[in-house]
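Take a look at the structure set out below.
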Amino acid sequence: MVGAGVLVLGRAFSDEPPAAVEHSAATKLAAVNAGVGAKAVDADELAKQLSNPVASLISVPFQENIDFGYEGGGWRSTLNVQPVIPIALNKEWNLIQRVIVPFIVQEDVGVPGSEAGLGDVTSTSFFSPAQVGPSGIIWGVGPAFLLPTATNDVFASKQWGAGPSVLALKQEGKWTYGALVTTSRNSPVPTPGPT
């Protein structure tokens, strides 16, 4: 991975009148919290939430992967746009929707010339407790789907896929560590045959 960036989109909502809401850009950032509106959080707390894929925070991270060293000097760039949208189901459970949309550009990979387009989309739904337990472990479990959305045959798996996804992580100080495991059973996309 050559580089990564994060863009957080959201709108702060508060039950307080506008004059009562603190607006200090240097010390506070607004975070959208599923089911409870938004509240002001300090930069360290926001950084922890951004590192937590099942936090009650709407985020749109971008991940750029650049691969070099293909035969013939080719390269490939994949920009993954990964919106994460939390939904409060009730006071105890959240549903976290995470989608990975890859935009791909490549030069001289497999065949001479340039190719560009959208790759297959992966969509995962995590059911996660709304509160972190006494162990401090944050977890989520749910289905993952591979959707054959590629706009260029070069990037297409031409398969549907579905399977379980499990996430477990722990945050201590400025560190976040854990694992996200997804597996899927794929099947070819049916193509119309001769009639």
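A count restricted to segment 77-117 and to residues that are more than 20 Å from Pro148 (Cα to Cα) and basic (Lys, Arg) stands at 1. With respect to the conditions (1) buried (at least 16 other Cβ atoms within 10 Å of the Cβ); (2) over 14 Å from the mean Cα position of the chain (by Cα), Thr124 falls short on a single one, namely (2). Among strands (runs of 3 or more DSSP E) entirely within segment 92-195, having at least 1 residues that are in contact (Cβ under 8 Å) with a residue 12 or more places away in the chain and among the β-branched types (Val, Ile, Thr) singles out 93-107, 121-129, 137-147, 159-172, 175-182. Restricting attention to segment 73-91 and to residues that are out of contact with any Phe, Trp or Tyr (no Cβ under 8 Å at 6 or more places or on another chain) and assigned to a strand (DSSP E or B), the residue that is modelled with the highest pLDDT turns out to be Ser77. Scan segment 124-136 for residues that are modelled with pLDDT of 90 or more and touching a strand residue (DSSP E or B) at 6+ places or on another chain (Cβ under 6 Å) and the total you get is 5.
The values are calculated or read from the model by the stated rules, or taken from the named source; none is laboratory data. Just so it is clear, the structure is predicted and the values come from calculations on it, not from any experiment. Virtual Cβ from ideal backbone geometry, glycine too; neighbours counted across all protein chains shown.
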